[in-house]
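Beneath this line is the structure, given in structure tokens, with notes to follow.
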Amino acid sequence: MKTPVDRFRFRPYKRPAAGWGALRSVTHAWLDSRQPFKNLRAMLQTNQHGGFDCPGCAWGEAPDEGRIRFCENGAKAVNWEASGRGVDAIFFAKHSVRELLAMDDYWLEYQGRLTQPMVYDAETDHYVPITWDQAYRKIADHLNALASPDQAAFYTSGRASNEAAFLYQLFARAFGTNNLPDCSNMCHEASGVALLASIGTGKGTVTYEDFAKAEAIFVVGQNPGTNHPRMLEPLQKAVARGAQVVVLNPLREKGLERFQAPQDPVQMVTDKASPMHTAYFRPALAGDIAVMRGIAKFLFQWQDETEARNRARLNGQAGQEGSGEIDSAIEQGPLDLTFIKKYCEGFAAYQSVVRNTHWDEIVAFSGLELDEIERAAHIFARSDATIICWAMGITQHRHSVATIQEIANLQMLRGQIGKPGAGLCPVRGHSNVQGDRTMGIHERPPQSLLNALATRFDMSVPQASGVNVVKTIKGMKKGDIKVFVGLGGNFAQATPDSESTHQALRNCDLTVQISTKLNRSHLVTGRDALILPCLGRTDMDIQASGPQAVTVEDSFSMVHASYGQLRPLAAEMRSEPAIIAGMAQATLGNKPVDWLSLIEDYARIRDLIEDVIPGFERFNEKIQQPGGFYLQNPAGQRRWQTANGKANFIAGPLPAPLPTAVLEKLGALGHQADLVLQTIRSHDQYNTTVYGLNDRYRGVSGDRRVVFANIEDIHRLGFADRQAVDVVSIWDDTQERRISGFTLIAYDIPKGQAAAYYPEANPLVPLASCGVGSYTPTSKYIAVRLEPSTASERIV
Ligand SMILES: Nc1nc2c(c(=O)[nH]1)N[C@H]1C(S)=C(S)[C@@H](COP(=O)(O)OP(=O)(O)OC[C@H]3O[C@@H](n4cnc5c(=O)[nH]c(N)nc54)[C@H](O)[C@@H]3O)O[C@H]1N2
Ligand SMILES: Nc1nc2c(c(=O)[nH]1)N[C@H]1C(S)=C(S)[C@@H](COP(=O)(O)OP(=O)(O)OC[C@H]3O[C@@H](n4cnc5c(=O)[nH]c(N)nc54)[C@H](O)[C@@H]3O)O[C@H]1N2
Ligand SMILES: [Mo]
């Protein structure tokens, strides 16, 4: 079986984002699904009441939008999941695991949906069929043979529904461990850690409606044209009504430049597009903290100047007899002193940190000119309703937590939290990653959750923190973690340091993957390995009481129901809740609940959620309303659930983006270590799921093994545009991390920077290179050097 492969080409894309290009691409994905008629109905049910939640990103729904509610990349996600192709016992009989390992990620997933449970046979190196009951038994036997429950890790990817996630964490904790690593550890972890300390909630404080009320929207370290296409419309409308949209991104991303709305017949027919920003700044990688600090420094400076003017005015007026104009003459500075006094702590310390950060340091660190920072600060100071959005360009650095806290500091300075049109907006990735955390998928659970579980289920609950993704890999390496269960996702490819991570997975006694599609995690196995095929968001889920709904939570804390629409491709596939219940029943029996009875009707799981998780009162009733219900966000109402009950200014000196030991090594290497590389998503992928080899907006087609660099750097380092290169990363250890046979592309990227696609570049990210306080791999900041390629032939 083959996948369609184009020839490699690079030609800058001149058209606006979305528009006709998107329509063409949707049509292609739709026809390629092998079941276009069935899927047309499915696409029209995307994000509709009574339909299913888009399995793409976590952007929310406009309350009053028109009839079609999917975007180009949502349509790709739907058609990819609802594929008519199947991977069954015959497929695995034909291909050994070793053979499959030689195929690329695109080919693997392209083969279609997993249709029956399989077990790995090490002797023949083939997967062979197994019954569900035998599979559950095998898992139970492995788990129950462990010396400690902490020798197992239960990973979750953010597509799992609330119902599946709740059961899964209950299973792990009833079994006895908080080892619940999740994709969030590699994604928005820093947002949660930072905001919890700053404002007492790990979630964003804005709702969809706030975008229509904002006077300024900052889009920082995010590429919505590809990853959150439904965000383009509110941004477009904001620019059109005269609001400021300020972009901070080292790359000129097409979706943030011009947009043609596919649902606007006038724009489509006249082939017009609208501008997407009012200011575009291109900082250094990890330079955002300095940009934010610079804006704060201007605010303090302008506040001082205002106060000085006020004093001068007052002094002048004091000399004039009988003046009644004093109050009206007082000028307001940019700081919201009422907000700061009433709600905040740490202001004086923050002010002195900012004053002690010098302009030359800020400018050098930020990668911007001083006048650019000043322009951004003017926009910020003039707006009375500001939203700051961010995603992976902010969260995947060594000092992401500090950067996000600086973003919060800035918003607090002007009182931009907890009022209409303003707030903090971490734009989430996976469609239910936020809901999974709400349901208790967390290796460091809040004590309140543990207490609620202990009370409701009358059981003892593990109190010690569990392992996150990075610690799971370290644990597997050392042999401390022996059983790995993955509820979705692609652990082998999404994680850093691929070569040693693969070794770690191979070191397990058992790896279990609950998945919709074939991926590399099924091939990098423990000594025993299982593939358990599950239903996806688009599939109809029928249990004893009839068709089931599941629920999800979007980036704006809206919880709503999702009903699968399509008849599953194979009768043997099971739902995620059913698989979790099956594993739990086999491992624990009917403790602490009758697992299998919960599966007869998911409303019973929702009743348990209602008992344990705050905010879910009358859960089953509330999901009946169109659009779902809003989970209150205390910080959004200016209630700060921090230890001191205040919104906290937290700051220190500007931190270096690499540890000292690595910086020293770089210094010793001199000019050889030359570029800092970030890993990004193409327009044709969903994380490790590769839909095709094109990245339309960046002008690349036919190949993903490319490295973008500035032409001046390419020449300075003695290379040529389009040359085949190896990329080697630099870390303070002896392990070599190399990717080979990549094509160097001269690209519009700031000097000193490079970019390559994830997951192809993951072998370069050292496992030890992760965020302070977040443990998130630093996927956006890898020191690298280029070498002429050692690959004997170009791999395409
Ligand atoms: N179609 C599609 N949709 C998706 C996904 C997908 O793969 N495909 N993935 C989903 C998931 S899980 C997530 S987390 C989100 C990811 O959504 P994004 O965060 O938009 O994804 P990335 O491709 O990682 O893009 C990072 C952006 O940040 C910029 N950037 C990198 N470093 C810096 C920096 O230091 N400073 C600044 N200011 N900018 C920087 C990059 O140039 C790039 O534009 O999307 C979700 N939605
Ligand atoms: N270098 C680098 N690494 C990164 C990132 C980066 O920007 N750069 N981004 C990180 C981020 S933000 C994230 S979120 C992680 C993502 O990490 P993961 O969530 O682990 O990876 P995905 O690629 O989203 O997982 C895809 C697989 O999920 C399975 N799947 C799809 N839908 C379903 C479903 O409904 N149920 C089940 N059970 N399985 C399903 C399919 O088998 C598919 O192959 O990767 C991280 N890794
Ligand atoms: Mo993510």
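The values are calculated or read from the model by the stated rules, or taken from the named source; none is laboratory data. Quantities reported herein were computed from a predicted structural model and do not represent experimental measurements. No Cβ is skipped: glycine too gets one built from the backbone with ideal geometry, and neighbour counts run over all protein chains shown. Just the protein is used for accessible areas: all its heavy atoms, side chains included, with ligands, DNA and RNA removed. Shrake-Rupley method; radii C 1.70, N 1.55, O 1.52, S 1.80 Å.
Structural remarks
- Evaluating residue 541 against the criteria (1) modelled with pLDDT of 95 or more; (2) closer than 22 Å to residue 596 by Cα; (3) in contact with a Phe, Trp or Tyr (Cβ under 6 Å, 6 or more places away or on another chain) leaves one unmet condition, (3).
- Taken over the stretch 161-203, the criterion of being closer than 22 Å to residue 515 by Cα and within 13 Å of ligand 1 (Cβ to nearest atom) is satisfied by 182, 183, 184, 185, 186, 187.
- Within the option set 682, 769, being within 16 Å of ligand 3 (Cβ to nearest atom) and surrounded by 18 or more Cβ atoms within 10 Å (Cβ to Cβ) holds for one residue only, 682.
- Unmet criterion (only one of (1) under 29 Å from residue 115 (Cβ atoms); (2) in a loop (DSSP other than H, G, I, E, B); (3) within 16 Å of ligand 3 (Cβ to nearest atom)) for residue 525: (3)
- Residues in the stretch 547-583 that are in contact with a strand residue (DSSP E or B) (Cβ under 8 Å, 6 or more places away or on another chain), of a type in the set (Gly, Ala, Ser), open to solvent by less than 10 Å² (accessible area, probe 1.4 Å) and assigned to a helix (DSSP H, G or I): 582 alone.
- For the criterion of being open to solvent by less than 10 Å² (accessible area, probe 1.4 Å) and either away from ligand 3 (no atom under 16 Å from the Cβ) or within 21 Å of the chain's Cα centre (by Cα) (or both), residue 22 passes.
- Count - residues of the stretch 133-164 that are under 23 Å from residue 471 (Cβ atoms) and in a helix (DSSP H, G or I): 7
- Of the criteria (1) open to solvent by less than 40 Å² (accessible area, probe 1.4 Å); (2) under 18 Å from the mean Cα position of the chain (by Cα), which one residue 775 fails: (1)
- Residues in the stretch 714-730 that are under 28 Å from the mean Cα position of the chain (by Cα) and in a loop (DSSP other than H, G, I, E, B): 730 only.
- Counting the residues of the stretch 660-682 that are away from ligand 2 (no atom under 12 Å from the Cβ) and modelled with pLDDT of 95 or more gives 2.
- Helices (runs of 4 or more DSSP H) contained entirely in the stretch 88-132, each with at least 3 residues that are open to solvent by less than 60 Å² (accessible area, probe 1.4 Å) and not aliphatic (A, V, I, L, M): 105-110
- Meets criteria (free of Cβ contacts under 8 Å to residues at least 40 places away in the same chain and open to solvent by 20 Å² or more (accessible area, probe 1.4 Å)) for residue 651: no
- Helices (runs of 4 or more DSSP H) fully within the stretch 589-687 counting 2 or more residues that are charged (D, E, K, R): 603-612, 619-622, 660-669
- Yes/no for residue 364 being within 16 Å of ligand 1 (Cβ to nearest atom), modelled with pLDDT of 95 or more and surrounded by fewer than 21 Cβ atoms within 10 Å (Cβ to Cβ): yes
- Those residues of the stretch 173-185 which are among the hydrophobic types (A, V, I, L, M, F, W, C), open to solvent by 10 Å² or more (accessible area, probe 1.4 Å) and either within 10 Å of ligand 3 (Cβ to nearest atom) or in a loop (DSSP other than H, G, I, E, B) (or both), in sequence order: 183
- Pairs where the first residue, in the stretch 262-285, is within 19 Å of residue 749 (Cβ to Cβ) and the second is among the small types (Gly, Ala, Ser) and part of a helix (DSSP H, G or I), C-beta under 9 Å, 6+ apart: 281/366; 281/376; 283/290; 283/366; 284/290; 284/364; 284/366; 285/393
- One residue from 205, 226 being over 20 Å from residue 19 (Cα atoms) and in contact (Cβ under 8 Å) with a residue 24 or more places away in the chain: 205
- Test: residue in the stretch 70-78 that is farther than 30 Å from residue 261 by Cα and part of a loop (DSSP other than H, G, I, E, B): no
- Failed criterion for residue 740 (all others in (1) open to solvent by less than 20 Å² (accessible area, probe 1.4 Å); (2) assigned to a strand (DSSP E or B) hold): (1)
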